[in-house]
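First up is the structure itself, then whatever we jot down about it.
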């Protein structure tokens, strides 16, 4: 998944280990990747989880799909190639955050399994935890919510290549956690994410 074309570059290791950082923060860094259809509730859940972690005294940060396109990925469109590059960049940033000891909450449609698998692989390569969370919300519910009116524009043909309308969404086959955002509350689902990380040893049990 790497597009590294730089020559003569070597990773510079510092003097602070992950164990050193954990001793300071009381947590291990990891990436929590929330994927699902547009308007499925990914960002709402990510920010709710971030608040729960912050209230517990843990260090967490949300990388949100729209937010990163204001800067880091502002030069990318929505073609398959641009979407793949978008996810690659976010994966690299998330990996740096996680290595620093932060719980990174990534909220992205990320419709293609191969792209998500690539992010998991880049974390596995340096022994960092990666958790895929599937926000399983039916497309008709997503359309009813649709705060930006994008489904309506896609149905009218004003937007081409829109995930869930004329572009596919490849649901995770074995997510670490699947949540029902249509029938379960945001608070209940946020607690499930926190519990998952506690069970996996990322944070101490409450």
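The values are calculated or read from the model by the stated rules, or taken from the named source; none is laboratory data. These numbers come from a predicted model, not from an experiment. Ideal geometry is used to build each Cβ from the backbone, glycine not excepted, and the neighbour counts take in all protein chains shown.
Key figures for this structure:
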{"item": "Residue tally, condition exposed (fewer than 12 other Cβ atoms within 10 Å of the Cβ) and without any contact (Cβ under 8 Å) to a residue 24 or more places away in the chain, over the range 53-76", "result": "6"}
{"item": "Count of the range 4-52 residues which are part of a loop (DSSP other than H, G, I, E, B) and either exposed (fewer than 10 other Cβ atoms within 10 Å of the Cβ) or free of Cβ contacts under 8 Å to residues at least 12 places away in the same chain (or both)", "result": "14"}
{"item": "Leading residue by the ranking (nearest to residue 175 (Cα to Cα)) among those in the range 136-146 that are outside any loop (DSSP other than H, G, I, E, B) and either touching a strand residue (DSSP E or B) at 6+ places or on another chain (Cβ under 6 Å) or without any contact (Cβ under 8 Å) to a residue 24 or more places away in the chain (or both)", "result": "140"}
{"item": "Whichever residue in the range 161-195 is free of Cβ contacts under 8 Å to residues at least 24 places away in the same chain and touching a helix residue (DSSP H, G or I) at 6+ places or on another chain (Cβ under 8 Å) and, among such residues, is nearest to residue 39 (Cα to Cα)", "result": "165"}
{"item": "Looking only at the range 196-206, and only at residues there that are part of a helix (DSSP H, G or I) and free of Cβ contacts under 8 Å to residues at least 24 places away in the same chain, the one that is surrounded by the most Cβ atoms within 10 Å (Cβ to Cβ)", "result": "198"}
{"item": "The range 117-159, residues that are surrounded by fewer than 16 Cβ atoms within 10 Å (Cβ to Cβ) and farther than 25 Å from residue 44 by Cα", "result": "121, 124, 125, 126, 127, 156, 157, 158"}
{"item": "Count of residues meeting criterion [part of a helix (DSSP H, G or I) and in contact with a helix residue (DSSP H, G or I) (Cβ under 6 Å, 6 or more places away or on another chain)] in the range 96-106", "result": "0"}
{"item": "Qualifying residue in the range 62-72 (condition: modelled with pLDDT of 95 or more and out of contact with any helix residue (DSSP H, G or I) (no Cβ under 8 Å at 6 or more places or on another chain))", "result": "no"}
{"item": "Where residue 31 falls short, out of the listed (1) touching a strand residue (DSSP E or B) at 6+ places or on another chain (Cβ under 9 Å); (2) over 16 Å from residue 203 (Cα atoms)", "result": "(2)"}
{"item": "Every residue from the range 77-95 that is under 18 Å from residue 168 (Cβ atoms), crowded, with 22+ Cβ neighbours inside 10 Å and either in contact with a helix residue (DSSP H, G or I) (Cβ under 6 Å, 6 or more places away or on another chain) or at pLDDT 95 or above (or both)", "result": "87"}
